[in-house]
1. Of GLU16, GLU58, which residue is open to solvent by 80 Å² or more (accessible area, probe 1.4 Å) and either in contact with a strand residue (DSSP E or B) (Cβ under 8 Å, 6 or more places away or on another chain) or part of a helix (DSSP H, G or I) (or both)?
2. Do we have ALA51 as small (Gly, Ala, Ser), closer than 24 Å to GLN19 by Cβ and either touching a Pro at 6+ places or on another chain (Cβ under 8 Å) or at pLDDT 90 or above (or both) here?
3. Of all the residues that make up region 13-39, how many are at pLDDT 80 or above and hydrophobic (A, V, I, L, M, F, W, C)?
4. For region 35-43, check the following and say yes or no: at least one residue is farther than 20 Å from ILE161 by Cβ and either in a helix (DSSP H, G or I) or charged (D, E, K, R) (or both).
5. Within region 108-122, restricting attention to residues that are touching a residue at least 60 places away in the same chain (Cβ under 8 Å) and either β-branched (Val, Ile, Thr) or not in a strand (DSSP E or B) (or both), which residue is farthest from GLU150 (Cα to Cα)?
6. May I ask you to list the residues in region 81-105 that are modelled with pLDDT under 85 and part of a loop (DSSP other than H, G, I, E, B)?
7. Does ASP10 satisfy the criteria of being under 30 Å from GLY112 (Cβ atoms), of a type in the set (Asp, Glu) and modelled with pLDDT under 80?
8. The conditions are (1) surrounded by 15 or more Cβ atoms within 10 Å (Cβ to Cβ); (2) within 20 Å of PRO8 (Cα to Cα), and LYS126 fails exactly one of them. Which is it?
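The values are calculated or read from the model by the stated rules, or taken from the named source; none is laboratory data. Quick caveat, the model's predicted, so the values are computed rather than measured. We place every Cβ from the backbone using ideal geometry, glycine too, and count neighbours over all the protein chains shown. These accessible areas exclude ligands, DNA and RNA; they are computed on the full protein's heavy atoms, side chains included. Shrake-Rupley method; radii C 1.70, N 1.55, O 1.52, S 1.80 Å.
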Amino acid sequence: MTRYAYKPIDSSYSYESLQSYYDEKSSGHDIVNKMSYEDEQFSPIAKLVQAKNPEIYEYIRHLEKNINILRNILSEEIKSREVDSNDNSSTQKVNISASGMNFVTSESYKKGAFIEVNIVLLPSNKKIYMIARVLRVNILSINKNSTSVEFLIINEANKEILIKHIH
């Protein structure tokens, strides 16, 4: 299961201007995920430091605890700014890959439209923000459409989190 929310991006944005739009909207999400990603990358080094310099390792652990307090505060702030349940939010099974996803929605988007996508990967509760482009919309019934999107803008840390979730 994946919780996701989406909303259209004003059609005045060109593909070239989407990166600055993404940077403006994603800063909080990206910081938290980048911090987690960096923690994973440096875990083997931390074990070496622990073995060779236990006092330094304890100091690093102290700093990590303080950073985690700040990360939790930032996560709470991000939650308060996220797309809320009034903005096309849903929890359901979706077909998701590292490059895109398919979901069922009552919205009918035009092929090529840009949308913001916020997803929460369950059960880990990892949050990812990205910009996607609508590839196709298949009408399933009245007010029920199967929408396929490709992820256009997603940072490397978020992509790694998504890949780990899928596998």
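1. Answer to the selection: GLU58.
2. no
3. 1
4. No, every residue in region 35-43 fails to be farther than 20 Å from ILE161 by Cβ and either in a helix (DSSP H, G or I) or charged (D, E, K, R) (or both).
5. LEU122
6. The answer is GLU82, VAL83, ASP84, SER85, ASN86, ASP87, ASN88, LYS93, VAL94.
7. No, not satisfied.
8. Result: LYS126 fails condition (2) only.
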